[in-house]
1. What gaps in nm, shortest first, separate B:D75 from its twins in the other copies when you place the label 7 Å past Cα toward the beta carbon?
2. State, to one decimal in nm and shortest first, how far the label point of A:A328 sits from each corresponding label point in the other identical copies (label point: 7 angstrom along Cα-to-Cβ).
3. Sorting A:H179, B:H244 by accessible area (1.4 Å probe), largest first, what list results?
4. Which one of A:P119, A:Q81, A:A92 has its Cα pushed farthest toward the positive end of the charge dipole of segment A:1-124, where Lys and Arg give +1 and Asp and Glu give -1 at the Cβ?
5. Counting only residues 5 or more places away or on other chains, whose amide H sits under 5 Å from the amide H of B:A352 once H atoms are built in the peptide plane?
6. For a quick protection proxy, order the peptides A:73-83, A:204-214, A:255-265 by their average other-Cβ count within 10 Å, most packed first.
7. Leaving out ligands, DNA and RNA, and with a 1.4 Å probe, what % of the accessible surface on segment A:1-80 is carbon or sulfur?
8. Among A:G12, A:V27, A:V40, flag the residue with its Cα farthest along the positive direction of the charge dipole of segment A:2-54, charges on Cβ as +1 for Lys/Arg and -1 for Asp/Glu.
Number of protein chains: 2
Amino acid sequence: MGRLVAAYGPEGALGQVRQGRLDPCFVEEMTSGKSRPPDVERHLRAWRARLQGADPVADLDEGARLGARLIVPGDLEWPTQLDDLGPERPLALWLRGDADLRFSCLRSVAVVGSRAATPYGTHVSAEMGAGLAEAGWTVISGGAYGVDAAAHRGSLAGSAPTVAVLACGIDIVYPAANHALFAAVRGKGVIVSECPPGVRPTRPRFLIRNRVIAALSRGTVVVEAALRSGALNTATHAVALRRHLAAVPGPVTSENSAGCHRLIRRAEAVCVTSCRDVIELVGAIGDDLAPEPRGPVLPRDSLDDETRAVLESVPARSGAGPATIAVAAGVDIPTVLSRLGALAAAGYVERAGRGWRLRHIH
Amino acid sequence: MGRLVAAYGPEGALGQVRQGRLDPCFVEEMTSGKSRPPDVERHLRAWRARLQGADPVADLDEGARLGARLIVPGDLEWPTQLDDLGPERPLALWLRGDADLRFSCLRSVAVVGSRAATPYGTHVSAEMGAGLAEAGWTVISGGAYGVDAAAHRGSLAGSAPTVAVLACGIDIVYPAANHALFAAVRGKGVIVSECPPGVRPTRPRFLIRNRVIAALSRGTVVVEAALRSGALNTATHAVALRRHLAAVPGPVTSENSAGCHRLIRRAEAVCVTSCRDVIELVGAIGDDLAPEPRGPVLPRDSLDDETRAVLESVPARSGAGPATIAVAAGVDIPTVLSRLGALAAAGYVERAGRGWRLRHIH
């Protein structure tokens, strides 16, 4: 589906699925010369079945009722680093929460690990989350029990936005005991999902969800993972995406650290013992000369009106000059220049030739 | 002193120190063209002072009374891997115990760490020692409290020889509480020291002792070490000698694992979580095609008389043919061939051209 949308656009792809007939050129390209060509007809039948059950208007109504928003590639809030997923890039993301997803993820680290974490694992995860937040880094995790929940809680204690990427609809609280945590994430951060409201989590959804966690962040830290932990799936995505991968060591007597030690032994992950080690690792990916922000990344709503207007007028890819931005934002040029300086210092925008654009992760 | 002995032999070096006058050529070579030449005259005065206080005959008598032996380079029991220390190679070693030092160290690993080990550290060290012993590997350590003692005890539980390299005379029990441990080491392994009997440990002696631990073994494992632990000094020697270096991870909340984590983070040490990981590492150094011995390395006394006679007739460096060995050992050629096969399988001897020699570590 990702390839179909890339080739014909969303409406063109939808039309072909509705008609039950794919462009023969597309089928040819998908299958010719491949040793194991995909069964395109079977995919088409599955898409048609899903289309019959879909009710996008009802989804959007329900999203609006929940205060959620739907973003697609090209939207200002769309995190362009998801493009690294290629044809596996999500088609759209449902968001629920006060923080801006794109800005929150500019300086972000995924902190993942076992649901059945040990007290050591939850302690280290909470410390990691709090330390990253205090240094102005957003923590991305999966909202699960154990390491995930501790990382979100640590981040919230550090007053930074935190991002929970779910394997179910943004209105489903799974696990149910994380109800208060999810409410706090919505307040200071954002809850993200590929699924429309009401969709329940399934095991395959967790696995495909993990690619989004890895792709949104500059790097992934595995705090605790047994040898068959799902967190190692996120780690694999991080490596495939050429993001940084780190793992926290623990007692060699603990099965919950065995996955971390294997990553370190195979030199797939860097050994990290504190948030300082993590920042040293992921901080090097971007523009090292960029000044460190003095405080946490600000959620969009805490920017003043003029700054937000300027930010929303900065293009995502090609740069725009201050005059163009001033016209788009409806403010004068000296104001644009001062606001751009502040936004650059906070890591939101960067120079592009003679103009400015939204800052890319890499 | 190592350079003086290397240039003039032990007797030549002794003669120059006695006369209080070093060969001008030697002084020239030691000092010319060096940005910081050693103060050779000061060294000579120190050697003369030590010579005045030395009583080698009394030392040898005391050693004999203790059942100890003194070995020098060229002796059959001298571990030739100590040559890697160059001019810092010990001039002689005092040994006390039933195992043969050279044979014991052919397949050996140094296990070192904090004296003030945590219960985690002593547990892991004992398991490591026992696992290595069961796989036929000799554990070398320093006989100290904590990690050292646990490694020796684990090795003894696994019925392999273990080697304790002391920073004091082989008759001094330091720390005193390790009295029973040292007796057990003497029974199944060997106690080693550069110091003559009666010498007390001092801080510098611990540091120079560490080079011997690193040089005797194929690799060093640091089980627990704080950032300023003496075990990291042994690790530095292992790296300088191009031996393998491994470190055991632990909780990032434990200061006693911080030194291990730093070694792993800097990629100076390989992360190991079990004796299997260690054997995978150090086993690769030697001849990978050599069959693994089925049991622990045998102490010399447990070899039958003919096998021992053959072993003692195999030269250390240049190879000798079976006929030559048969003559030296006083047995017939078929016996030599069968014994050489068994000794090769156990890792004692190896082929050298058309003949056989004692197996070198690398």
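1. Going from nearest to farthest copy, the values are 8.0 nm.
2. 8.6
3. A:H179, B:H244
4. A:P119
5. B:R357
6. A:255-265, A:204-214, A:73-83
7. Result for segment A:1-80: 51 percent of the exposed heavy-atom area is carbon or sulfur.
8. About the Cα centre, the residue reaching furthest to the positive side is A:V40.
The values are calculated or read from the model by the stated rules, or taken from the named source; none is laboratory data. If you're wondering where the values come from, they're calculated on a predicted model, not measured in any experiment. Glycine gets a Cβ as well: all are built from the backbone with ideal geometry, and neighbour counts include every protein chain shown. Keep in mind that these areas ignore ligands, DNA and RNA; they rest on the heavy atoms of the full protein, side chains included. Shrake-Rupley method; radii C 1.70, N 1.55, O 1.52, S 1.80 Å.
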